[in-house]
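K.L.:
What follows is a structure written as structure tokens; I'll ask about it next.
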Amino acid sequence: MSGTGEFLTGLGVREIPPATTPFDPGGAPVTLEGHLAQSAHLMAGLKISMACWMVAQESETRRKLEAAAGAGVSTVSGGGPFEISAAQGLIGPYLDLCADLGFTRIECAEGFSGVELSPPEVMAMASQRGLEAQFELGRKHGGPMSPSEARELIAQGHEWLDAGATSVVVEARESAEDVGMFDAEGALNTALAEQFAAAFSLERVIFEAPTKASQFALIDHFGPEVRLGNVLLEEVLRVEIYRRGLHSDAFGVEGLRPRSPDWQNSGR
């Protein structure tokens, strides 16, 4: 055998479409370029997160977006700048800026402020500028969501999807503790996770999973095709070996362990 791809096939590792959307929290452009070089083929997208890209040197923000585009990776701006722009009455100029810089998509949210415009109104404004949109579900503050809140968020998510949003994102911030589907110790509420998966399908919901425990718990529960977001760039490869059963903690998990290799009894 020659090459890593052929060897992985021989090991029985299945091919998995890109399902991880990592985030850049304000690292150096050269660092992002390095991660794109080794991992772009594993990325379902890239979030340029928080408002860091707004206060960085604009030329370097453009460099990041150009690097992602050159690697064939779509980009999305974080939901925080959208909410702040909405609160300040500047959604239009914000969308103009995102389009000018070269973002593929914006993330809309109501995690800490209100948005007066309806989903169809926001989607129309985004579409006019050639932008896609996704919507983030859940509060950033105030603890884990309740079952009744989950039902309300599911209804809100359907409003955005019906208006043309590409997907919905379930909030977990940068900690996956005491927020969204995670309790104060970081344990995943699988019943809530199942509600979102059943309501939207695994193809249209992205679960934020910023920590090793949250990443592994979601992959263990839903399998390797689950879509994960808020993964640090330096953790992308760890997530992807876990999906493929190449991590020691995943090798014994049914549904993750590689299939029996064709060449295991070949004597090599």
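K.L.:
Okay, helix-only estimate at 222 nm for the chain: each DSSP H run of n ≥ 4 adds -39500 (n - 2.57), divide by all residues, round to 500 deg cm²/dmol; what do you get?
P.N.:
Working: 11 runs with 113 residues, N = 268.
After summing the helix terms and dividing by residue count, I get -12500 deg cm²/dmol.
K.L.:
Provide the gained length on full extension for the span residue 237 to residue 141, in nm with one decimal, where the gain is 0.36 nm per separating residue minus the Cα-Cα distance. Please report the intermediate quantities before stating the final value.
P.N.:
On the way: separation 96, 0.36 × 96 = 34.56 nm, distance 2.99 nm.
Full extension of this stretch gives 31.6 nm more.
K.L.:
May I ask you to give the solvent-accessible area per residue for the chain, in square angstrom, as obtained with a 1.4 angstrom probe? Could the numbers behind the result be given before it?
P.N.:
Numbers: 12130 Å² over 268 residues.
I get 45 Å² per residue for the chain.
K.L.:
If you don't mind, another one. Mind grabbing the accessible area of residue 212 for me, 1.4 Å probe, Å², rounded to tens?
P.N.:
About 90 Å², ignoring ligands and nucleic acids.
K.L.:
Shifting gears a bit: Quick one: 3J(HN,Hα) in Hz for region 162-176, Karplus 6.51/-1.76/1.60 with θ = phi - 60°, rounded, Gly and Pro as x.
P.N.:
Ordered by residue, 3J(HN,Hα) equals 5, 7, x, 4, 6, 6, 10, 10, 8, 4, 8, 6, 9, 10, 6 Hz.
K.L.:
Sort 81-89, 24-32 for me by packing, meaning the mean count of neighbouring Cβ atoms within 10 Å per residue, highest on top. Mind showing how you got there, number by number?
P.N.:
Values: 81-89: 17.9, 24-32: 16.3.
For the peptides 81-89, 24-32, the packing ranking is 81-89, 24-32.
K.L.:
Restricting the count to DSSP beta bridges whose residues both fall in region 105-208, what percent are antiparallel, rounded to a multiple of 5? Before the final figure, lay out the partial values.
P.N.:
On the way: 2 of 15 bridges.
That works out to approximately 15 percent antiparallel.
K.L.:
How big is the dipole moment of region 31-119 about its Cα centre under a simple scheme where the beta carbon of each Lys and Arg is +1, that of each Asp and Glu is -1, and everything else is neutral? Debye, nearest 20, please. Working shown, then result.
P.N.:
Details: 5 positive and 10 negative charges, 55 e Å.
Using only the charged Cβ atoms, the result is roughly 260 debye.
K.L.:
In region 59-159, what percent of the accessible surface is made up of carbon and sulfur (1.4 Å probe, ligands and nucleic acids excluded)? Kindly include the intermediate steps, with their values, before the conclusion.
P.N.:
Numbers: 2230 of 4350 Å².
Looking at region 59-159 in its full context, I get 51 percent from C and S.
K.L.:
Just to be sure I understand: of the beta bridges DSSP finds with both ends in region 1-154, what percent are antiparallel, rounded to 5?
P.N.:
Details: 0 of 13 bridges.
Restricted to region 1-154, the bridges split so that about 0 percent are antiparallel.
K.L.:
Against the longest alpha carbon principal axis of the chain, how many degrees, from 0 to 90 and to the nearest 10, is the axis of helix 119-128 turned?
P.N.:
The angle comes out at about 80 degrees.
K.L.:
Right, here's the next one. Order 205, 253 by their accessible area, 1.4 angstrom probe, all chains in place, largest first.
P.N.:
Numbers: 205 0, 253 35 Å².
Result of the area sort, largest leading: 253, 205.
K.L.:
Efficiency by 1/(1 + (r/R0)^6): what FRET value for residue 202 and residue 117, r their Cβ-Cβ distance, R0 = 30 Å, to the nearest 0.05?
P.N.:
Numbers: r = 29 Å, r/R0 = 0.97.
Result of the calculation: an efficiency of 0.55.
K.L.:
Here's a follow-up. Distance between the C-alpha centers of region 76-155 and region 5-36? Whole Å please.
P.N.:
27 Å
K.L.:
If you don't mind, there's one more thing I want to ask. Local charge sum around residue 101 (other residues, Cβ-Cβ under 13 Å, Lys/Arg +1, Asp/Glu -1)?
P.N.:
Working: positive: 62, 63, 64, 105, 129; negative: 58, 60, 66, 96, 100.
The answer is 0.
K.L.:
Of the DSSP beta bridges with both residues in the chain, give the percent that are antiparallel, rounding to the nearest 5. Write out the running numbers ahead of the final one.
P.N.:
On the way: 2 of 29 bridges.
Counting DSSP beta bridges with both partners in the chain, the antiparallel share is about 5 percent.
The values are calculated or read from the model by the stated rules, or taken from the named source; none is laboratory data. Nothing here was measured: the structure is a model prediction, and the numbers come from that model. Reconstructed Cβ throughout: ideal geometry from the backbone, glycine too, with neighbour counts over all protein chains shown. Just so you know, the surface numbers come from the protein's heavy atoms only, side chains and all, with ligands and any DNA or RNA stripped out. Shrake-Rupley method; radii C 1.70, N 1.55, O 1.52, S 1.80 Å.
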